[in-house]
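Note sheet for the following structure.
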Amino acid sequence: MKRVITRKLFVNVYGLRVQKKTFCNDAAAKLSSSKSGQCSREPEEKQGSTTDVHQYDVAIVGGGMVGMALACSLANSPLTKQLSVAIIDSNPALGSRDWIKKEEPPDARVSTVTPATISLFKDVGAWQYVQQHRHAYFDKMQVVWDYTGLGYTRYNARDANKEVLGCVVENKVLHNSLLSCIEDTDFQKTIYPSRLTSMTLHSSSSSTRVDSTSGPEFSTRGSLAKLELSNGNSLYAKLVVGADGAKSRVRELAGFSTTGWSYSQNAVICTVEHMIENHCAWQRFLPAGPIALLPMGDRFSNIVWTMSPKDSSDFKSMNEDDFVKAVNHALDYGYGPHPQSSLLGTGDIFSWLRADVTLSANERFEVPPKVVKLVSERMVFPLSLRHANDYASKRVVLIGDAAHTVHPLAGQGVNLGFGDAYALSRVIAEGIAVGTDIGEVSLLKKFEAERKPANIMMMAVLDGFQKAYSVDFGPLNILRAAAFHGAQYFSPLKRSIISYASGDQRLPLFS
Ligand SMILES: Cc1cc2nc3c(=O)[nH]c(=O)nc-3n(C[C@H](O)[C@H](O)[C@H](O)COP(=O)(O)OP(=O)(O)OC[C@H]3O[C@@H](n4cnc5c(N)ncnc54)[C@H](O)[C@@H]3O)c2cc1C
C-alpha cells in the first residue's frame, strides 16, 4: 500500500524557482531525514497509484561514499543547500546514523584517505564525525620493497613537510559520517530505498526553467530526465548524478562507453590483530601482486592482498591459523630475503644523491609487526581498470567508480571519487550563481574538464605500477629495485611522490 505525504515547498535559488513535491512510500518515509521536512510519517494520506511523479533538482543514483560526499557538499554550500535532492539506493546503511559500535573490531572494508580528502571532509564539516569513530592516522610508510630482496623505500610525512601521509578509516565510518553531517543541516533530501531501473532523457535542448505555478504535470517536464525505480516510483530531475559504482546503471542507460580491462587478479581483504599497535603502512610486492598491511588503531590492521583468482578462493577458504601463517610469510621472509640498505649489497651507488636527503632516506628496513589473529571475515574483490570515455552529457554526469575504477594498490579509488564529488558540487554552485540550468551539458563539461585529466593520470600511474610488478624477470627485477632504491635517496622525487599520493594533483618531478 502506498502512503503518500504531500508537502509543497517553494524554493527560490538565484531566480530558479522550483516546486518540490515529495511522495514517499512507506520505506522511503522511514529512511528520510526527519529534519529534511520532506518525508515524515505524518501527516499521511493514501495514494492509490504508483504513478505519482516527483520532481527534484538533483537525483543522486547511488548513496555510497561518493554519492553521499556529493550530497554532503551540496548541503553545506550556501548556493546549493536549498536544492531539492533525491538519493536513490537500496543500501540499508542509509537508514540510520547511529549503528556503528566502537567495541566491535573494525570492518574488513576500509579506505586509506589522503590529506587532500581529509581537507575536503573538514571543509564540509564531515571530519568531526569521522573523529568520533575509530580511525588511524599514519605518518610512515614502508611502501614498497621488492620481493627479490633488492629494493625498498621508506616515506615519512615530514619528508614533504606534512603531518600525516594519510588516515585509514572503515568505509562504514566514512559513509556514516557523511550521512550524519547531512542530517545536521536543513538540507532537503529524500532517500528512495530502491534501485534505478530505467531512465528517459529527452533530446530537447531548450534550457529548463521549472515554473512553480504550473500543476503537477509541469509543462517543462519533457526536458527533464525521468527515472524509474525498482519499487515502482518514478521521479524527474534536472540533473542525474551516476554515483552507482563500477557497474553503473546510469552509465549504461545514458550510453556512455568505457575503456578498460580486468587484471585477472582478486584482492583478499580482512582485519587482523597484532600483539603491539601498528603505526606504519606496509606494502610488499610479491610475484602474484602486492600485499598491504594498513594500521587501523588499537592493535588492528587491515590486509589488502592481491593474488590470482584461484589463490584467492584457496586463501579465503583455508583455516584461520593457516591463513595467519600465510600472511606473516607474505609480509616477512616468504618469497625472498630482507632487502639490503644499499643496492646489491655492495657500494652505495646512490651516494651522489645524498646531498639533499629526506628524513627517511637513512631509515633502515623494518620488519612489519607479526599478525597473531584474524578478526573479520575474508572478502574477495575482482580487480579491474575501467574509465568512462565521457563523464557528462545533457542532464547526466558520472562520479566516483561509475566514472573510473582503479587498482587498489595505492588506495586512491575513493579519493578520486571524493575529488569528483566536491568538484561537481562547485560546478553546480557556479551554474546556480549565473542562473544556468544545472543539467546543461556546457556546465557539466566544466566538471569533466577538471576531473578527467587528474583521474586519467592517476589511472595511468597505477596501471604502470601494476604492470611493472607483474613481470618476474631477473634484469627487470634489478631495474625495478634500482628505481625504488633511487626513490629512497632522491629527495625531490620522494617529496613529489608523497605530494602526488597525498592528492596534491601534481605529477612527480613534473611540477
Ligand atoms: C579491495 C579494495 C580496496 C580498496 N581500498 C581503497 C583505499 O584504501 N582507498 C581508496 O581511496 N579507495 C580504495 N578502494 C576503492 C574504493 O572502495 C572505491 O573507489 C569506492 O568504494 C567507490 O565508491 P562509490 O561510491 O563511487 O561506489 P560504490 O562504493 O560502489 O557505491 C555505489 C552505490 O551505488 C548503489 N547502486 C548500484 N547500482 C544502483 C542502482 N541501479 N540504483 C541505485 N543505486 C545503485 C550501491 O548500492 C552502492 O551503495 C578499494 C577498492 C577495493 C576493491
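Within 11 Å of the ligand (Cβ to nearest atom), outside any strand (DSSP E or B) and either modelled with pLDDT under 95 or charged (D, E, K, R) (or both): is that true of R209 in this structure? For R209, the condition - within 11 Å of the ligand (Cβ to nearest atom), outside any strand (DSSP E or B) and either modelled with pLDDT under 95 or charged (D, E, K, R) (or both) - is not met. Considering segment 66-122 alone, what residues qualify as being more than 9 Å from the ligand (Cβ to nearest atom), in contact with a Gly (Cβ under 7 Å, 6 or more places away or on another chain) and polar (S, T, N, Q)? Answer for segment 66-122, where residues must be more than 9 Å from the ligand (Cβ to nearest atom), in contact with a Gly (Cβ under 7 Å, 6 or more places away or on another chain) and polar (S, T, N, Q): just N76.
Of the strands (runs of 3 or more DSSP E) contained entirely in segment 371-474, those carrying at least 3 residues that are within 20 Å of the chain's Cα centre (by Cα) fall at 379-388, 396-398. Here H54 passes the criteria (1) modelled with pLDDT of 50 or more; (2) crowded, with 22+ Cβ neighbours inside 10 Å; (3) farther than 21 Å from A429 by Cβ; (4) within 15 Å of the ligand (Cβ to nearest atom) except the one numbered (4).
Would you mind finding the one in S90, S40 that is surrounded by fewer than 19 Cβ atoms within 10 Å (Cβ to Cβ) and modelled with pLDDT of 50 or more?
Working: S40 fails: modelled with pLDDT of 50 or more.
Testing whether each residue is surrounded by fewer than 19 Cβ atoms within 10 Å (Cβ to Cβ) and modelled with pLDDT of 50 or more leaves just S90.
Once segment 279-289 is narrowed to residues that are over 16 Å from R154 (Cβ atoms) and either modelled with pLDDT of 90 or more or in a strand (DSSP E or B) (or both), the residue that is farthest from the chain's Cα centre (by Cα) is L286. Quickly run through segment 392-435 and pick out the residues that are of a type in the set (S, T, N, Q) and within 14 Å of the ligand (Cβ to nearest atom). Selection gives T405, Q412, N415. For segment 229-264, give me the residue count where each residue is basic (K, R), within 12 Å of the ligand (Cβ to nearest atom) and either touching a residue at least 40 places away in the same chain (Cβ under 8 Å) or assigned to a strand (DSSP E or B) (or both). The qualifying residues number 2.
Against the numbered list (1) within 13 Å of the ligand (Cβ to nearest atom); (2) among the hydrophobic types (A, V, I, L, M, F, W, C); (3) at pLDDT below 95, L150 comes up short only at (1).
Scanning segment 406-439 for residues that are of a type outside the set (A, V, I, L, M, F, W, C) and in contact with a helix residue (DSSP H, G or I) (Cβ under 7 Å, 6 or more places away or on another chain) yields a total of 11.
The values are calculated or read from the model by the stated rules, or taken from the named source; none is laboratory data. Remember, it's a predicted structure, so these values are computed and weren't measured experimentally. We place every Cβ from the backbone using ideal geometry, glycine too, and count neighbours over all the protein chains shown.
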